[in-house]
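*Asks:* Okay, here's the structure, questions in a sec.
The values are calculated or read from the model by the stated rules, or taken from the named source; none is laboratory data. Just so we're clear, the structure is a prediction, and the values are computed from it rather than from any experiment. Neighbour counts run over all protein chains shown; Cβ positions are idealised from the backbone, glycine included.
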């Protein structure tokens, strides 16, 4: 049997939650903002994107697709 990932309270697996958190920290760093103010400003847009495209978290978690997923997130959030 395969290993099951534990789900967080938000319905994300631990891997997805980590990808979400790391992406938000990366985007805050790249925009030269502290993490908390960045999250306060952009978390709703980020979460809306995840609701529309749930696979984005898997793309963010994978090394092969991370860079293109970050660009997709930037386009959606900073439109």
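*Asks:* Just give me the residues in the stretch 31-61 being exposed (fewer than 13 other Cβ atoms within 10 Å of the Cβ) and on the phi < 0 side of the Ramachandran plot, in sequence order.
*Replies:* Within the stretch 31-61, 34, 36, 37, 40, 44, 47, 48, 51, 52, 54, 55 meet the criteria.
*Asks:* Being outside any loop (DSSP other than H, G, I, E, B), at pLDDT below 95 and in contact with a helix residue (DSSP H, G or I) (Cβ under 7 Å, 6 or more places away or on another chain) is true for just one of 76, 59. Which residue is that?
*Replies:* From the options 76, 59, the qualifying one is 76.
*Asks:* Turning to a different aspect of this structure: Criterion first (surrounded by fewer than 18 Cβ atoms within 10 Å (Cβ to Cβ) and at pLDDT 95 or above) does residue 4 satisfy it?
*Replies:* Considered against the rule, which asks whether it is surrounded by fewer than 18 Cβ atoms within 10 Å (Cβ to Cβ) and at pLDDT 95 or above, residue 4 comes out as no.
*Asks:* Being at pLDDT 95 or above, under 14 Å from the mean Cα position of the chain (by Cα), exposed (fewer than 14 other Cβ atoms within 10 Å of the Cβ) and not in a loop (DSSP other than H, G, I, E, B) is true for just one of 23, 28, 67. Which residue is that?
*Replies:* Checking each option against the conditions leaves just 67.
*Asks:* Give all pairs with beta carbons closer than 8 Å in which a residue from the stretch 27-49 that is under 17 Å from residue 72 (Cα atoms) meets a residue that is not in a helix (DSSP H, G or I); count only pairs at least 6 apart in sequence or on separate chains.
*Replies:* 28/34
*Asks:* Please indicate, with yes or no, whether at least one residue in the stretch 57-64 is without any contact (Cβ under 8 Å) to a residue 24 or more places away in the chain, out of contact with any strand residue (DSSP E or B) (no Cβ under 7 Å at 6 or more places or on another chain) and under 22 Å from residue 11 (Cα atoms).
*Replies:* Yes - at least one qualifying residue is present in the stretch 57-64.
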